[in-house]
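Here it is, the structure in full.
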């Protein structure tokens, strides 16, 4: 009995040593990539403020991140092949490895045990233990006679401990079953189209969609029935139109899937395409300010927010889906690179790289409600991603 009382007293005493200001959950946290300095700014969306900066993450010129199941750790994928595990509560690097020469993103498995990194150089996917970042397996993206290796893009987590990704140079889509992450089983879909450049999984985890850069069209794969193979959708959507120079590739992970409609950017055109996800046929188009980069659904699905490539990248437009009209235009600053909504949609965070600022807006009134200084900010990645399929 005395021992139990002593242990209880010790626990209470230790808890009292932690200042209340340092106690926090992870559900309202996130990070902003500061691409010029190789650092991430940690943010709290409840206070709309930054609480720390973590440096030493390498080349973040095209960086993204996923989160552990509990939201405590962010896994940041750098362009230099760096994979960095950031402790969001202690605001420090928990582990880091440079696993390739040129990397373009990654994903975390459904059970949170495996991190997959997609690489340009050498082409392929590498798997790591999420706790230690110890290597588990290497999946070379070979094609042709087996000596060529393709850049890997559009990687996403799929239900059933699988990862799905596209091979840019090979025109293929692969599914890696990682139930045994040391011995992944690969299913290949060849000849899907020229230069698949990015991909996404719909929020229900069923459909994988890859965009094609080498031709107008997209590729659809039903993950419930992968044996049926791939299907082309929106084939030749730019027929008869002159394609404009592409200054920045659209990011398909930012496609808006709202209800039965998907809204996505048209490569080389000043418009977004609307797709009926019941039939996967085109359901309309909306002319916009420039070449779209991200088209992001506001929680609730009624509105879609769109940003644009250079030279129109100082603008964000808001589309009302029922009326298929633009209801508002914002000018958040020079070189708007990314937008991210809080899970319930009461805030939208927007980065302006060339103004060194992140602005927070109330989506109902379009009023600016906060402003944070940042060093050339790009990606805004909130911990709520820990609970979403496809990351």
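Which of the residues spanning the stretch 35-51 are closer than 23 Å to residue 80 by Cβ and touching a strand residue (DSSP E or B) at 6+ places or on another chain (Cβ under 6 Å)?
Of everything in the stretch 35-51, those that are closer than 23 Å to residue 80 by Cβ and touching a strand residue (DSSP E or B) at 6+ places or on another chain (Cβ under 6 Å) turn out to be 35, 39, 40, 41, 42.
Restricting attention to the stretch 199-210, and to residues there that are at pLDDT 90 or above and touching a helix residue (DSSP H, G or I) at 6+ places or on another chain (Cβ under 8 Å), which single residue is nearest to residue 280 (Cα to Cα)?
209
May I pose another question? Please find, among 358, 327, 318, 348, the residue that is over 29 Å from residue 204 (Cβ atoms) and in contact with a strand residue (DSSP E or B) (Cβ under 7 Å, 6 or more places away or on another chain).
358
How many of the residues in the stretch 373-382 are part of a strand (DSSP E or B) and either crowded, with 18+ Cβ neighbours inside 10 Å or modelled with pLDDT under 95 (or both)? Talk me through it step by step, then tell me what you get.
Pass one, the stretch 373-382, residues part of a strand (DSSP E or B): 373, 377-382.
Applying the additional criterion that residues be either crowded, with 18+ Cβ neighbours inside 10 Å or modelled with pLDDT under 95 (or both) yields 377-382.
Adding up the residues that qualify gives 6.
Quick grid of which residues meet (1) surrounded by fewer than 19 Cβ atoms within 10 Å (Cβ to Cβ); (2) touching a strand residue (DSSP E or B) at 6+ places or on another chain (Cβ under 9 Å):
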| residue | (1), (2) |
| --- | --- |
| 144 | yes, no |
| 148 | yes, yes |
| 161 | yes, yes |
| 165 | no, yes |
| 190 | yes, yes |
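Among strands (runs of 3 or more DSSP E) lying entirely in the stretch 278-372, which contain 2 or more residues that are at pLDDT 95 or above?
281-287, 303-308, 316-320, 325-330, 336-341, 348-352, 357-362
Residue 73: in contact with a strand residue (DSSP E or B) (Cβ under 7 Å, 6 or more places away or on another chain), free of Cβ contacts under 8 Å to residues at least 60 places away in the same chain, within 21 Å of residue 117 (Cα to Cα) and crowded, with 16+ Cβ neighbours inside 10 Å, yes or no?
yes
How many residues are within 17 Å of residue 130 (Cα to Cα) and in a loop (DSSP other than H, G, I, E, B) when one looks only at the stretch 161-199?
8
Another question, then. Can you tell me which residues in the stretch 46-60 are touching a residue at least 60 places away in the same chain (Cβ under 8 Å) and surrounded by fewer than 23 Cβ atoms within 10 Å (Cβ to Cβ)?
Selection gives 48, 49, 50.
Could I ask something else about it? Test residue 335 against the stated conditions and say whether it is on the phi > 0 side of the Ramachandran plot, surrounded by fewer than 22 Cβ atoms within 10 Å (Cβ to Cβ) and touching a residue at least 12 places away in the same chain (Cβ under 8 Å).
It is true that residue 335 is on the phi > 0 side of the Ramachandran plot, surrounded by fewer than 22 Cβ atoms within 10 Å (Cβ to Cβ) and touching a residue at least 12 places away in the same chain (Cβ under 8 Å).
For the stretch 97-123, what are the residues that are free of Cβ contacts under 8 Å to residues at least 40 places away in the same chain, more than 19 Å from the chain's Cα centre (by Cα) and not in a loop (DSSP other than H, G, I, E, B)?
97
Pick out the one residue from 86, 66 that is buried (at least 23 other Cβ atoms within 10 Å of the Cβ), closer than 24 Å to residue 135 by Cα, at pLDDT 95 or above and in contact with a helix residue (DSSP H, G or I) (Cβ under 7 Å, 6 or more places away or on another chain).
66
Still on this model: Are any residues in the stretch 150-160 part of a strand (DSSP E or B) and without any contact (Cβ under 8 Å) to a residue 60 or more places away in the chain, and if so, which ones?
Within the stretch 150-160, the first condition is being part of a strand (DSSP E or B), and the residues that meet it are 152-158.
Listed by number, the residues that qualify are 152, 153, 155.
The values are calculated or read from the model by the stated rules, or taken from the named source; none is laboratory data. It should be emphasised that the depicted structure is a prediction, and the values quoted were computed from it without experimental measurement. A quick note on method: Cβ atoms are made from the backbone with ideal geometry, for glycine too, and the neighbour counts reach across all protein chains shown.
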